[in-house]
Amino acid sequence: MIRPIMTSRVILARPSVDAAPGDEPHAQDLLDTFAAHRTECVGMAANMIGVLKRIIVFSEGGAADSPARLMYNPELIAQAEPFETEEGCLSLAGTRPTTRYRRITVRYQDESWRERTERFSGYTAEIIQHEIDHCSGIAI
């Protein structure tokens, strides 16, 4: 189901709790909402649809034709090569400065709840960091 995009800074500032089996309907709503907004964004976190669970979706490299990737409980476990950038967010107007890392390692659970650890770089790494921040109640 396509959900409305949350714009309340009060809700967006609340940290999310871990996702668990049974949260698959929330993940599907997030995927559906992301698909409806692919021309406007490259990733989403569940709090952007009002669900305070650690679930994110994103497109590899930000490409609109790239399949959406889903992560439950993503955790940044390593990062390298910091850089300064500006980012926008579908939930908030304008852009804001932030520090990101060009290379990251993320531990997460996939759509079958299997634990995974994966490395990302470039724009994909930046997208994932933005969405993990959302899970922590940090809106950039």
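Out of Arg116, Arg103, report the one residue that is among the basic types (Lys, Arg) and farther than 24 Å from Ala20 by Cβ.
Answer to the selection: Arg103.
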- Is it the case that some residue within segment 92-100 is of a type in the set (S, T, N, Q) and at pLDDT below 95? yes
Arg116 meets each of (1) free of Cβ contacts under 8 Å to residues at least 24 places away in the same chain; (2) surrounded by 14 or more Cβ atoms within 10 Å (Cβ to Cβ); (3) farther than 23 Å from Arg3 by Cβ with one exception, condition (2)
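Condition check ((1) free of Cβ contacts under 8 Å to residues at least 40 places away in the same chain; (2) under 20 Å from Ile140 (Cβ atoms); (3) touching a Lys or Arg at 6+ places or on another chain (Cβ under 6 Å)) across all residues:
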site: Ile2; (1), (2), (3): yes, no, no
site: Val10; (1), (2), (3): yes, yes, no
site: Asp23; (1), (2), (3): no, no, yes
site: Ala27; (1), (2), (3): no, no, no
site: Leu31; (1), (2), (3): yes, no, no
site: Gly43; (1), (2), (3): no, yes, no
site: Phe58; (1), (2), (3): no, yes, yes
site: Glu86; (1), (2), (3): yes, yes, no
site: Arg107; (1), (2), (3): yes, no, no
Counting only residues in segment 122-140 that are assigned to a loop (DSSP other than H, G, I, E, B) and aliphatic (A, V, I, L, M), the one nearest to Ala78 (Cα to Cα) is identified as Ile138
Expected single match for assigned to a strand (DSSP E or B), at pLDDT 95 or above, surrounded by 14 or more Cβ atoms within 10 Å (Cβ to Cβ) and of a type outside the set (Asp, Glu) among Phe58, Phe83 is Phe58
Those residues of segment 1-49 which are part of a loop (DSSP other than H, G, I, E, B), polar (S, T, N, Q) and either surrounded by 19 or more Cβ atoms within 10 Å (Cβ to Cβ) or out of contact with any Ser or Thr (no Cβ under 9 Å at 6 or more places or on another chain) (or both) amount to Ser16, Thr39
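The values are calculated or read from the model by the stated rules, or taken from the named source; none is laboratory data. Model, not experiment: these values are computed from the prediction. Please note: Cβ atoms are built from the backbone with ideal geometry, for glycine as well, and neighbour counts cover all protein chains shown.
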